[in-house]
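The values are calculated or read from the model by the stated rules, or taken from the named source; none is laboratory data. All values reported here derive from a predicted model rather than from experimental measurement. Glycine also receives a Cβ, built like all others from the backbone with ideal geometry; neighbour counts cover every protein chain displayed.
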Amino acid sequence: MRIRLGLFAMAACLIAGSAAAQSVPAPPGNDDCLACHGDADSKRPDGRPIAVDAKRFDTSIHGALGCVDCHADAGRERPHPDKLATAACGSCHEDVAGKYHDSMHAWAKEKAGLVGAPACADCHGKHDIAAKSDKTSRVYRDRIPATCGACHAGVVEKYDAGVHAAAVKHGTANAPVCIDCHNTHAITRTDTDKWRLAVTAECGTCHAKVVASFRRTFHGKVTELGFSRVAACADCHGAHDILPAANAASKVSKARLVETCGTCHPGANEKFVQYDPHPNPSDYSRGAAMWWANRFYWLLIPGCFGFFGLHSALWYWRTKRDGERS
Amino acid sequence: MTSATLQPPVPGAPAAAAPDTAALPPAIIDDHAHVARFDRPTRLLHVVVMTTFLGLSATGMPLLFSDAWWARLLATLFGGFHGAGLVHRTFGAVLLAAVAGHVGHVLYRTFVRREKGLLWGPTSMVPQPKDAVDLYMQLKWFAGRGPRPRIEHFAYWEKFDYWAVLWGTALMGAAGLVLWFPVAASRVLPGWMFNVALFVHGAEASLAIGFIFVVHFFNGHLRPGKFPMDMAIFTGSVATGELRDERAAEFARLSRTGAIDALRVPPPTAAALRRGRIVGTLGLTLGIALILLIFYAVAGGLAL
């Protein structure tokens, strides 16, 4: 009886041991995964396709990676659990994941529970991820409006009608797409003072002279100071629907200026809108009065300070030499 | 207390003042006796202009130098753009009212009360031919080629300050009102006048701030002989000896006509002096602090 018990215990140990050895198998190679997922018709019991296009994956930017590099939980046991975790892009792309995590998109998805809010794969794709320099990539510059427009269809419709989309289509280098103003991963709310003020600087990265002239105005100075109660670029020009002033539909066209200025200055009239929101005192063609005022003060200020500066200096020198009551 | 107010007259020092002073009995040149110089409305006007000017500078500079590191800090001190704007417009309205009141007062005294000497003459603020001569003599004195000019009631540099404030307030006030009420202004003015108004407001402000906090401070208060400040504008009177040395022509005229007797006042009380020193020190300190911020911003701008 004792011997039989001992044999039983030994057998139990062996079985248990081999079972333990079986629970940490070597991670499956991509071919192992493709044994199931390579079949184009393979589906989960609930009918959702689980096929992976091996050719697309091999040519993708992640082609050299193993399946388990992203789907770590698929390598721990076989067969793997029905529900795997979302690929952890952040385990490699730590910096980008951090930015995304603080973004409006992550907030909508993770905190507000908005099912349509995007995570990495929604913009970058899954097994077909291509470099942003690759023309087929969803995040290739020219394709970005379409990628964002998958959700923000109404915005892209306006954008497509505007000058910036026209410039992109025309092939203008660095013509802005969504991410140039809104950022890529660190997308924030657009109704905060911080964003409204920062986007002016963004306009200035291309329109440097225009922003410099804007900075000469009351609007420009108040916004530069960090207060956003006054007009910045988008308040007059629009955001997505920016049109050239020559276009009658533009917010800054002659036909619409009274209406546009009137949104902040109720009662603004035809005379009011003769205001130059982008003055340049050294450009005579933009306004003779400004040019003359500039000339006048360029003589008056150095003249006054020069004369009285010298007057004071000489006075000091003379009294120091001759005594205070000389 | 400046040396001029305490020390007995230096024998034989000012060659230019000698002929007038030598003929006068010593009692008149008593440094402890004072002569009235600024009446109460004038002193009040100076304090109002000084206070509002400092307030307007401090609340306007954040916009004028909006790219300076201290700009936002200074604006935040007044409750941000909104608060600073409110303070700026309030001070602006007070300054405009004060200057308008002053002009009205001068016109009233001249045309209703028929006072003489306000619009022309030795005691007038209006530049006289003598001012050109004084300037020429002053420059010659700087060069060591002559005596100091014998100054009358107001020196040419004081008249310049006065007219600069009057002209500056009128111009900046007008421009400020256009910027304050642009829609109302646009009923009569074209919109590009807003551009001109902002430019002129800023340029004139640079001129005024620089002029007051450097030139006026030096000429009126900080120069040797006055340092650290001239108390006359705060106490209202000037020591007889100081008047004789600083304004030889006025002293001679007052002595000759005997008008000086009517102007004799007791020296300012210790309390009046203390009050004046506190107000003056505050003004000078704040003004110099503001001008240093501007120097910092301008130097930074030049370095970039």
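For residue A:265, the criteria (1) buried (at least 17 other Cβ atoms within 10 Å of the Cβ); (2) in a helix (DSSP H, G or I); (3) modelled with pLDDT of 95 or more; (4) at the interface with chain B (Cβ under 10 Å from one of its Cβ atoms) hold in every case but one, which is (2). Taken together, the residues in the stretch A:272-282 that are farther than 15 Å from residue A:231 by Cβ, within 7 Å of another protein chain (Cβ to nearest Cβ) and either among the small types (Gly, Ala, Ser) or crowded, with 18+ Cβ neighbours inside 10 Å (or both) amount to 1. Considering the stretch A:162-222, the qualifying helices (runs of 4 or more DSSP H), each wholly inside and each with 1 or more residues that are out of contact with any Pro (no Cβ under 7 Å at 6 or more places or on another chain) and within 14 Å of another protein chain (Cβ to nearest Cβ), run over A:193-206, A:208-214.
A count restricted to the stretch A:240-262 and to residues that are within 12 Å of chain B (Cβ to nearest Cβ) and out of contact with any Lys or Arg (no Cβ under 9 Å at 6 or more places or on another chain) stands at 3. Would you say residue A:151 is more than 14 Å from chain B (Cβ to nearest Cβ), part of a helix (DSSP H, G or I) and within 20 Å of the chain's Cα centre (by Cα)? No, not satisfied. When B:37, B:89 are checked against the criterion of being in contact with a strand residue (DSSP E or B) (Cβ under 8 Å, 6 or more places away or on another chain) and either within 14 Å of chain A (Cβ to nearest Cβ) or of a type in the set (Lys, Arg) (or both), a single residue qualifies: B:37.
Residues that are without any contact (Cβ under 8 Å) to a residue 24 or more places away in the chain, part of a helix (DSSP H, G or I) and of a type outside the set (Phe, Trp, Tyr) within the stretch B:102-121 comprise B:104, B:106, B:107, B:109, B:110, B:112, listed in sequence order. Looking only at the stretch B:251-280, residues that are touching a His at 6+ places or on another chain (Cβ under 8 Å) and under 16 Å from residue B:34 (Cβ atoms) come to 5 in all. What do you reckon, is residue A:231 closer than 30 Å to residue B:73 by Cβ and either out of contact with any Gly (no Cβ under 6 Å at 6 or more places or on another chain) or part of a helix (DSSP H, G or I) (or both)? Criteria met by residue A:231.
The set of residues in the stretch B:112-151 being within 14 Å of another protein chain (Cβ to nearest Cβ) and basic (Lys, Arg) consists of B:140, B:145, B:148, B:150. When the stretch A:283-315 is filtered for residues that are closer than 17 Å to residue B:156 by Cα, at the interface with another protein chain (Cβ under 8 Å from one of its Cβ atoms) and not polar (S, T, N, Q), the ones remaining, listed by number, are A:304, A:305, A:308, A:309, A:311, A:314, A:315. In the stretch A:53-72 there is no residue that is within 29 Å of residue A:153 (Cα to Cα), among the acidic types (Asp, Glu) and within 21 Å of the chain's Cα centre (by Cα). Of the helices (runs of 4 or more DSSP H) lying entirely inside the stretch B:210-286, those containing at least 2 residues that are within 14 Å of the chain's Cα centre (by Cα) are B:232-235.
Exactly one residue out of A:289, A:245 is outside any helix (DSSP H, G or I), over 30 Å from residue B:70 (Cα atoms) and among the small types (Gly, Ala, Ser), and it is A:245.
Being more than 8 Å from every other protein chain (Cβ to nearest Cβ), free of Cβ contacts under 8 Å to residues at least 24 places away in the same chain and surrounded by 17 or more Cβ atoms within 10 Å (Cβ to Cβ) is a property that residue B:165 lacks. Restricting to the stretch A:112-150, name every residue that is among the hydroxyl-bearing types (Ser, Thr, Tyr) and without any contact (Cβ under 8 Å) to a residue 24 or more places away in the chain. Result: A:133, A:136, A:137, A:140. Residues that are more than 21 Å from residue B:52 (Cβ to Cβ), surrounded by 20 or more Cβ atoms within 10 Å (Cβ to Cβ), among the β-branched types (Val, Ile, Thr) and at the interface with chain A (Cβ under 10 Å from one of its Cβ atoms) within the stretch B:182-241 comprise just one, B:196. Here A:194, A:221 are screened, and the one residue that is surrounded by 13 or more Cβ atoms within 10 Å (Cβ to Cβ) and modelled with pLDDT under 95 is A:221. Residue pairs whose Cβ atoms lie under 6 Å apart, separated by 6 or more positions or on different chains, with the first residue in the stretch B:202-223 and within 14 Å of residue B:283 (Cα to Cα) and the second part of a helix (DSSP H, G or I) and not β-branched (Val, Ile, Thr), are B:209/B:57; B:213/B:287; B:216/B:161; B:218/A:312. Would you please name the residue that is surrounded by the most Cβ atoms within 10 Å (Cβ to Cβ), looking only at residues in the stretch A:41-89 that are outside any loop (DSSP other than H, G, I, E, B) and aliphatic (A, V, I, L, M)? Of everything passing the filter in the stretch A:41-89, A:74 is surrounded by the most Cβ atoms within 10 Å (Cβ to Cβ). Just one of the listed residues (A:212, A:153, A:165, A:173) is free of Cβ contacts under 8 Å to residues at least 60 places away in the same chain and under 30 Å from residue B:179 (Cα atoms), namely A:212. Residues that are surrounded by fewer than 23 Cβ atoms within 10 Å (Cβ to Cβ) and of a type in the set (Gly, Ala, Ser) were ranked within the stretch B:59-78; the one that is nearest to the other protein chains (Cβ to nearest Cβ) is B:66. The set of residues in the stretch B:236-263 that are touching a residue at least 60 places away in the same chain (Cβ under 8 Å) and among the β-branched types (Val, Ile, Thr) comprises B:238, B:240, B:260.
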